[in-house]
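Let me begin by presenting the structure, written as structure tokens, before commenting on it.
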Amino acid sequence: MAKNKLVMPVVKWVGGKRQLLPALTPLVPERFTIYCEPFLGGGAMLFWKQPKKAIVNDINHDLIQMYEVIHDDVENLILELEKHKNEAEYFYRIRDWDRDRAKYANLSRVEKAARIIYLNKTCYNGLFRVNNAGEFNAPFGYYKAPNIINAPTLRAVSNYLREAEITFSCCDYAEVLKNIPSGAFVYLDPPYHPVSDTANFTGYSRGGFNEDEQIRLRECCDDLNRRKIKFMLSNSATDFIKAQYGNYNLTIVKAKRAINSDATGRGQVDEVVVRNYES
């Protein structure tokens, strides 16, 4: 299956890897039987690699449902996106749909998928963010001409998802990892360990990802290593993370911080890439 250059992320996501792909892709093994990504997010690595067989997961139900709609019903999704307007009053009305649980539950899968794409394209800084109640809470972005309906990319992603053998799930990452077969390659892009007390951002889903969760993830990686399954993990290059993965191969790469509310604070930061293999 030849790669399609139009296959790329359809939403911007916290920790998205598009700008880091030139540094990350040379570190990916050339051969594996199945690709696995337990923290899918925007899917930059998946859509760059375009494996023929993959297991992808995310804890965010709305996100996984969006991918399923792109797979199943992309033309109706495009038609639904055409209804949305780049206006502040309209934006907040659509954003507030999830405040009424009963009303939100009655929306169709296509309506929910179009909503997440619309909000992502028009909200401030273009990032999916929810509060502790699970309600989308990013403000309107006031962008002049956001690309709300990127039909060529949506159709290309839909074609890829249908032509490849992709298994979607929405569950805890550990549930995915315990069933990964031998010969697989696992790419892990979890919520990052904060580089400072004010840098923490886990608002893409309800709950958080604290140091206990980082330790639990490292224990899952240790299990993958015992099972001789190759994995690559991205995280912030804090002393805590480097100590957790001190027994593995560590590579430092430079990344541009993109979620600081103050644009002057979006400089380059060190990230660490962890691997349990040489090449």
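The values are calculated or read from the model by the stated rules, or taken from the named source; none is laboratory data. Everything numeric in this text was worked out from a predicted model, so none of it was measured. Cβ sites come from the backbone with ideal geometry, for glycine too, and all protein chains shown count toward neighbours.
Here is a check on your reading of the model: is His84 in contact (Cβ under 8 Å) with a residue 24 or more places away in the chain and surrounded by 16 or more Cβ atoms within 10 Å (Cβ to Cβ)?
Taking the combined requirement at face value, the residue satisfies it.
Only one of Gln19, Gln65 is within 25 Å of Pro146 (Cα to Cα), in contact (Cβ under 8 Å) with a residue 24 or more places away in the chain and out of contact with any helix residue (DSSP H, G or I) (no Cβ under 7 Å at 6 or more places or on another chain). Can you tell me which?
So the residue among Gln19, Gln65 that is within 25 Å of Pro146 (Cα to Cα), in contact (Cβ under 8 Å) with a residue 24 or more places away in the chain and out of contact with any helix residue (DSSP H, G or I) (no Cβ under 7 Å at 6 or more places or on another chain) is Gln19.
Going by what's in this entry, would Ala184 be described as modelled with pLDDT of 95 or more and more than 27 Å from Asn132 (Cα to Cα)? Please lay out each step first, then the result.
Numbers: modelled with pLDDT of 95 or more: yes; more than 27 Å from Asn132 (Cα to Cα): yes.
Yes.
Does Ala105 satisfy being more than 20 Å from Gly42 (Cα to Cα) and not assigned by TED's automatic domain parsing to the domain that holds Gly42?
yes
List every residue pair whose Cβ atoms lie under 7 Å apart, where the two residues are 6 or more positions apart in sequence or sit on different chains, the first residue falls within the range 211-233 and is among the β-branched types (Val, Ile, Thr), and the second residue, located anywhere, is surrounded by 13 or more Cβ atoms within 10 Å (Cβ to Cβ).
Ile215/Gln244; Ile229/Ile180; Ile229/Ala184; Ile229/Val186
With Phe47, Phe32 as the choices, which residue is farther than 26 Å from Val269 by Cα and either touching a residue at least 12 places away in the same chain (Cβ under 8 Å) or over 9 Å from the mean Cα position of the chain (by Cα) (or both)?
Going through Phe47, Phe32 in turn, just one is farther than 26 Å from Val269 by Cα and either touching a residue at least 12 places away in the same chain (Cβ under 8 Å) or over 9 Å from the mean Cα position of the chain (by Cα) (or both): Phe32.
Anything in the range 40-58 that is among the aliphatic types (A, V, I, L, M) and either assigned to a strand (DSSP E or B) or surrounded by fewer than 21 Cβ atoms within 10 Å (Cβ to Cβ) (or both)? List them, or say none.
Across the range 40-58, the qualifying residues are Ala54, Ile55, Val56.
Out of (1) of a type in the set (Val, Ile, Thr); (2) surrounded by fewer than 17 Cβ atoms within 10 Å (Cβ to Cβ); (3) in a loop (DSSP other than H, G, I, E, B), the odd one out for Ile149 is which?
For Ile149, the exception is condition (2).
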